[in-house]
1. Just check region 4-86 against the gyration tensor rule for me: Cα atoms, a ≥ b ≥ c as the square roots of the eigenvalues, rounded for a/c under 1.5, and otherwise prolate or oblate depending on whether a/b exceeds b/c.
2. Rounded to the nearest 20 debye, what is the charge dipole size of region 1-145 about its Cα centre when +1 sits on each Lys and Arg Cβ and -1 on each Asp and Glu Cβ?
3. With every protein chain left in place and a probe of 1.4 Å, what is the accessible surface of GLU175, to the nearest 10 Å²?
4. Can you tally the net charge around GLU50? Count Lys and Arg as +1, Asp and Glu as -1, for every other residue whose Cβ sits under 13 Å from the Cβ of GLU50.
5. What do you reckon, how do ARG36, ARG113 stack up by accessible area (1.4 Å probe), largest on top?
6. Going down the table (LYS66/LYS141; LYS96/LYS130; LYS130/LYS189; LYS72/LYS178; LYS66/LYS178; LYS72/LYS96), which pairs top 32 Å between alpha carbons?
7. Specify which residue in the list TRP146, THR120, ALA172 is farthest towards the positive end of the charge dipole of region 111-195, using unit charges on the beta carbon of Lys, Arg (+1) and Asp, Glu (-1), about the Cα centre.
8. Cα gyration tensor of region 146-198, axes a ≥ b ≥ c as square roots of the eigenvalues: rounded (a/c below 1.5), prolate (a/b > b/c) or oblate?
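The values are calculated or read from the model by the stated rules, or taken from the named source; none is laboratory data. These numbers come from a predicted model, not from an experiment. With ideal geometry, Cβ positions are generated from the backbone for all residues, glycine too; neighbour counts draw on all protein chains shown. Surface areas here come from the heavy atoms of the whole protein model, side chains and all, with no ligands, DNA or RNA. Shrake-Rupley method; radii C 1.70, N 1.55, O 1.52, S 1.80 Å.
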Amino acid sequence: MGYIILAFAAILFFSSIRIIQQYQTGVVFQLGRYSRTLQPGLNLIIPIIEETRVVDMRVLTNDIPKQQAITKDNVPVSINGVVYFQVIDAQTAVIKVQNYLYAVSQYAQAALRDVVGGMTFDDLLAERQKIGDEIESIIQKQAGNWGLNVSAIKILDVDVPQELKEMMSRQASAEREKRATITKAEGDKLAAINLAAAAKTMFESPGAMQLRTLQTIDSLGPSPSNTVILGVPIDILELARNLSGKMIEKKAE
């Protein structure tokens with residue numbers, strides 16, 4: 001009989017031991033009513049009479065499944081994200097909400113659709129951080145009553161119909177072509193201005209055109225495949241022939 005009592009006492013003792021990890025908090029209910037909160041380390045409870053619910057106090061990650069939504073300018077999109085939150089009041093999180101993980105997930109999905117519905121498609125693509133901040137603000141108002149703190153919400157992916165992707169691609173291509181055309185036109189304008197200035201300089205400087213012609217001929221190189229034809233007026237040739245004839249006559253005298 002004594003061994004039975006000792007064994008029963010040992011079972012009661014070991015069943016009363018609760019080891020709470022550093023990242024956890026224990027919520028104790030005594031006969032169904034909240035009694036106290038257990039801190040990390042070795043704790044003792046009253047077997048049978050008391051029950052413990054252990055709560056993870058670390059930052060938790062909860063996916064927001066892909067949601068179908070329509071933007072303010074009637075563009076259908078599929079968008080998903082992730083919620084980062086943490087339990088800051090274990091007692092409230094256990095007592096006031098049945099399953100805070102599921103509750104946060106559902107609330108985040110509803111908030112995501114509401115925020116996307118109030119934004120245009122261009123803002124949706126450009127203001128992801130703003131969307132996350134607005135959803136975080138909406139969820140935090142309710143999550144605070146559940147003993148939770150929402151630390152961040154990130155938008156992961158925004159998907160649009162294939163035909164809209166093709167239209168966006170054509171628009172982007174047209175914008176690039178527009179910028180290229182404008183750049184080329186500006187380059188042609190600058191080139192024309194510089195050429196006009198060079199022509200004016202040559203016109204005002206005697207012999208500048210001849211020097212430019214000789215420079216161009218020199219740049220052709222000595223390759224036999226390059227043939228240069230210069231047009232010389234006949235009057236100049238006649239003048240050169242007369243001058244050479246007179247020089248020959250003077251030498252003969």
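1. Because a/c hits 1.5 or more and a/b exceeds b/c, region 4-86 counts as prolate.
2. Details: 12 positive and 13 negative charges, 108 e Å.
Once rounded to the nearest 20, the dipole reads 520 debye.
3. Accessible area of GLU175: about 80 Å².
4. +3
5. Result of the area sort, largest leading: ARG113, ARG36.
6. Details: LYS66/LYS141 23 Å; LYS96/LYS130 30 Å; LYS130/LYS189 43 Å; LYS72/LYS178 29 Å; LYS66/LYS178 36 Å; LYS72/LYS96 35 Å.
In this structure, LYS130/LYS189; LYS66/LYS178; LYS72/LYS96 lie more than 32 Å apart at Cα.
7. ALA172
8. Cα axes put region 146-198 in the oblate bin.
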